[in-house]
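The values are calculated or read from the model by the stated rules, or taken from the named source; none is laboratory data. Just so we're clear, the structure is a prediction, and the values are computed from it rather than from any experiment. With ideal geometry, Cβ positions are generated from the backbone for all residues, glycine too; neighbour counts draw on all protein chains shown. Surface accessibility is based on the protein's heavy atoms, side chains included, excluding ligands, DNA and RNA. Shrake-Rupley method; radii C 1.70, N 1.55, O 1.52, S 1.80 Å.
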Amino acid sequence: MTVQASSLFEVWRIFVVAGLIVFVLVAGLIVWSAIAYRRRRGDGIQGAQFTQNVALEIAWTIVPILIVTGLFAVTYRAETQVDAVTAAPDEIVQVVAFRWGWRFLYPRHHASVTGTSDAPPTFALPLDRTSEIRLTSSDVIHAFWIPAFLYKRDAIPGTENRLDFHPVIAGEYPGKCAEFCGMQHAKMAFTVVVLGAADYARWLHDHGGTQ
């Protein structure tokens with residue numbers, strides 16, 4: 001879990017609650033109408049006919065507009081926070097996707113990890129620190145996806161996409177390519193480990209890095 005993922009999860013919860021409220025309201029009105037206005041034995045008189053109800057029509061036009069506007073505002077605020085990139089990250093990780101593996105480079109420490117579809121790599125991020133990911137591809141379009149971080153971004157040849165991760169829970173999180181890129185696409189996986197300061201320094205040293 002990251003700070004960025006927390007923002008997106010909050011948006012998801014708001015959408016779910018809004019959807020449930022609308023569902024209960026609409027379903028309740030349908031059930032109530034079916035029961036209250038059902039045809040009863042002996043009914044032979046045509047019911048009253050109405051051609052318009054201005055107040056009701058205004059209400060069912062304005063209310064959905066307000067709901068959609070509110071959801072848009074919440075989403076925009078969260079996406080702005082998630083897409084923001086700090087000017088002074090605590091760590092920088094260059095991620096290079098290729099068919100069918102990943103290369104993770106740490107330019108500040110001269111450490112690197114490379115994996116293939118047969119031997120998926122594991123890279124590390126420091127706990128409670130902001131790491132900038134610089135993402136690109138060396139051949140075709142791939143997609144860098146860590147489901148637990150609620151984040152996915154395309155890796156595009158000739159383009160460097162930058163994004164920030166600020167993990168707040170230590171652990172191991174699986175990742176994968178989410179863009180079909182060839183016959184071995186399904187095996188193009190990786191793992192990210194979030195480590196405390198001491199463990200992170202040790203991990204860098206074990207992968208050829210220096211402090």
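For ILE92, the amide hydrogen comes within under 5 Å of the amide hydrogens of ARG108, GLU132, counting only partners 5 or more places away or on other chains and with H modelled in the peptide plane.
Within the stretch 36-145, antiparallel bridges make up roughly 60 percent of the DSSP beta bridges whose residues both belong there. Remark on the stretch 134-211: ratio of C-alpha radius of gyration to 2.2 N^0.38 Å is 1.23. Diagonalising the gyration tensor over the Cα atoms of the chain and scaling each eigenvalue by 5 before taking the square root yields semi-axes of 52, 19, 16 Å, largest first. Near THR191, the amide H atoms lying under 5 Å from its own belong to THR122, PHE123, GLY175; only residues 5 or more places off or on other chains count, and H is placed 1.01 Å from N. What you get for the stretch 120-211, charging only the Cβ of Lys and Arg (+1) and of Asp and Glu (-1), is a dipole of about 100 debye around the Cα centre. Peptides 26-33, 168-175 ranked from most to least packed, by the mean per-residue count of other Cβ atoms within 10 Å: 168-175, 26-33. With +1 on each Lys and Arg Cβ and -1 on each Asp and Glu Cβ, how big is the dipole of the chain about its Cα centre, in debye rounded to the nearest 20? The dipole of the chain has a size of about 820 debye. For the chain, DSSP calls about 70 percent of its internal beta bridges antiparallel.
Helix-only arithmetic for the chain: the sum of -39500 (n - 2.57) across DSSP H runs with n ≥ 4, divided by the residue total, places the mean residue ellipticity at 222 nm at -12500 deg cm²/dmol.
Subtracting the Cα-Cα distance of ILE65 and VAL85 from 0.36 nm times their residue separation leaves 4.0 nm of extension gain. Solvent exposure of HIS205, expressed as accessible area, is near 130 Å², computed with a probe of 1.4 Å over the protein chains only. Principal-axis analysis of the Cα atoms of the chain puts helix 3-36 at an angle of about 20° to the longest axis. I'd like to know which of ALA36, GLY158, VAL192 lies farthest towards the positive end of the charge dipole of the chain, counting +1 on Cβ of Lys and Arg and -1 on Cβ of Asp and Glu. Checked the options; the winner is ALA36. Its Cα gyration tensor gives the stretch 68-141 an equivalent ellipsoid, and the semi-axes of that ellipsoid, as √(5λ) in whole Å with the largest first, are 29, 18, 11. Near the amide H of ASP164, within less than 5 Å, lie the amide hydrogens of ILE133, all on another chain or at least 5 residues away, with H placed in the peptide plane.
Per residue, the Cα convex hull of the stretch 17-108 amounts to 216 Å³. In the context of the full set of protein chains, the chain has a per residue accessible area of 62 Å² (1.4 Å probe). Remark: relative contact order (the stretch 75-211) = 28 percent; criterion is Cα-Cα distance under 8 angstrom and separation of 6 or more residues.
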